[in-house]
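The values are calculated or read from the model by the stated rules, or taken from the named source; none is laboratory data. As the structure is a computational prediction, the values presented were derived from the model and not from experiment. For neighbour counting, all protein chains shown are included, and Cβ atoms are generated from backbone atoms with ideal geometry for every residue, glycine included. With ligands, DNA and RNA removed, areas are computed over all heavy atoms of the protein, side chains included. Shrake-Rupley method; radii C 1.70, N 1.55, O 1.52, S 1.80 Å.
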Amino acid sequence: MQKQGAQNVRKGEELDASALKTFLKEEGLIKEIDSPIHITQFTHGYSNLTYLLAIEEKEYVLRRPPFGAIKRGHDMGREFKVQNAVRPVFSKVPEIYAFTDNEAVIGSPFYLMEKVDGIILNFQEAKKRNIPEQEYDTIANAWLDTMVELHQVDYKAVGLGDLGKPDGYVSRQVTNWGKQYVKAATDDVPAATQVMRWMEERQPKTYEHRLIHNDYKYDNIVFKNSTWQEVNAVLDWEMATLGDPLMDLGTSLGYWTMHNDHDFVKQGIPSPTVFKGNPGRTEIVERYAQKSGRTVDHIVFYYVYGLFKIAVIAQQIYYRYKHGYTTDPRFAGLNKAAALCCNIALKAIQTNKIE
């Protein structure tokens with residue numbers, strides 16, 4: 001089930017059911033405007049809000065920006081455009097049914113897509129399933145093969161040549177994530193300043209130009225079933241752009257906590273990768289290089305970048321929480337998670353290692 005665990009809608013994040021039904025009728029997705037609709041919310045995500053609409057024996061997934069979020073980082077039209085363009089050549093994309101930027105419907109732009117069946121392997125799901133150690137190798141390979149496949153998409157051929165500006169991408173990312181961190185900062189974290197300075201000085205100057213997902217981790221993919229050999233869908237395309245594919249890999253490495261990492265690290269970045277049987281970060285890098293044919297020089301830079309980006313995202317969400325834009329209790333400790341990522345990144349710089 002896509003984003004398994006749909007629950008009651010959180011207080012303050014309700015949708016206008018009547019307006020939604022009018023929209024569904026206008027888009028030809030339902031037959032009768034008076035049909036009862038049941039709206040629940042997927043609660044695992046930390047960014048864009050995701051809901052499940054059940055009506056006329058059909059199910060639709062709705063994506064909208066979080067309340068109080070800046071529009072720049074939550075562009076529903078962009079997310080809609082990328083998935084529609086990629087789907088004909090990269091089958092692991094949900095079917096998109098409708099999009100609107102008319103904020104009169106529910107107060108923000110949103111789009112509707114199919115509900116993808118399968119398994120999302122977040123930490124809790126992996127723990128519940130008690131997956132045998134030997135199966136994690138299969139899981140990692142299917143996950144990695146899908147990333148490599150995505151990085152092979154000819155973005156010009158599918159009409160995404162205007163999605164971003166790959167020239168200067170690395171430099172812009174380093175600068176922009178640094179600015180965003182400073183803007184959202186609430187605590188004094190000396191490691192953050194050191195990491196930002198180091199990335200400015202050590203960033204690669206040449207790299208491939210590819211379509212990248214920018215948030216590629218286990219809980220953003222749907223496995224077909226518990227054989228773990230096939231991925232049904234890649235979710236959450238809000239940050240997809242054109243840039244260096246190794247930046248994508250670096251972000252994934254940031255989320256790739258390991259069983260021998262410090263307990264504070266594993267608690268701060270919970271992931272199915274912490275269970276024994278998973279390949280380590282170094283092995284993931286080696287496999288990516290083999291599968292993609294790319295060299296993986298400067299991997300410490302990419303890992304540090306990935307950790308810092310995660311830190312900024314966590315800090316931005318905490319900033320919204322602290323200022324009352326969201327009351328989700330999961331967000332109360334994200335400032336500590338942000339500081340943790342910065343400190344791990346600094347350690348990687350100091351040791352020149354990703355493990």
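Observations
- The stretch between E133 and Q194 holds 18.2 nm of extra length on full extension. This uses 0.36 nm per residue minus the Cα-Cα distance.
- Computed extension length for K322-E355: 8.6 nm, one decimal, from 0.36 nm per residue of separation with the Cα-Cα distance subtracted.
- Cα centroid of the stretch 157-226 to Cα centroid of the stretch 273-314, whole Å: 13 Å
- Ranked by the mean number of other Cβ atoms within 10 Å of their residues, highest first, the peptides 288-294, 118-124, 253-259 fall in the order 253-259, 118-124, 288-294.
- If you wrap the Cα atoms of the stretch 137-261 in a convex hull and average its projected area over all directions, you get 9.7 nm².
- The angle separating the long axis of helix 169-184 from the principal Cα axis of greatest extent in the chain is about 70 degrees.
- Pairs spanning more than 22 Å between alpha-carbon atoms, out of K128/K276; K276/K309; K205/K266; K165/K217; K156/K309; K58/K224: K276/K309; K205/K266; K165/K217; K156/K309.
- Ranked packing of 89-97, 155-163, 342-350, 7-15, most packed first, by mean Cβ within 10 Å: 342-350, 89-97, 155-163, 7-15
- Cβ crowding within 10 Å averaged over residues, with 164-174, 306-316, 77-87 ranked highest first: 306-316, 77-87, 164-174
- Area accessible to solvent at H38, 1.4 Å probe radius, in Å²: 110 Å²
- Simple Cβ-charge dipole of the stretch 84-149, Lys/Arg +1 and Asp/Glu -1, about Cα centre, in debye nearest 20: 160 debye
- Taken along the Cα-to-beta-carbon direction at a fixed 7 Å, the label points for D145 and H259 span 2.4 nm.
- Taking the protein heavy atoms of the stretch 166-291 in the context of the full set of protein chains, the accessible area attributed to carbon and sulfur is 46 percent at 1.4 Å.
- Whole-percent carbon and sulfur share, accessible surface of the stretch 1-150, 1.4 Å: 46 percent
- The chain, accessible area per residue, ligands and nucleic acids excluded (1.4 Å, Å²): 45 Å²
- Among P204, W237, V105 - extreme Cα towards positive end, dipole of the chain, charges at beta-carbon: P204
- The dipole here belongs to the chain: it is taken about the Cα centre, uses +1 on the Cβ of Lys and Arg and -1 on the Cβ of Asp and Glu, and is about 840 debye.
- Measuring how big the stretch 268-355 is from its alpha-carbon positions, Rg and Dmax come out at 15.6, 47 Å.
- Charges were assigned to the Cβ only: +1 to each Lys and Arg, -1 to each Asp and Glu. The resulting dipole of the stretch 284-355 about its Cα centre is roughly 120 debye.
- Using C-alpha pairs below 8 Å separated by at least 6 residues, the relative contact order for the chain is 17 percent.
- The residue among L150, F67, F42 whose Cα reaches farthest toward the positive pole of the charge dipole of the stretch 10-157, with charges on the beta-carbon of Lys, Arg, Asp and Glu, is F67.
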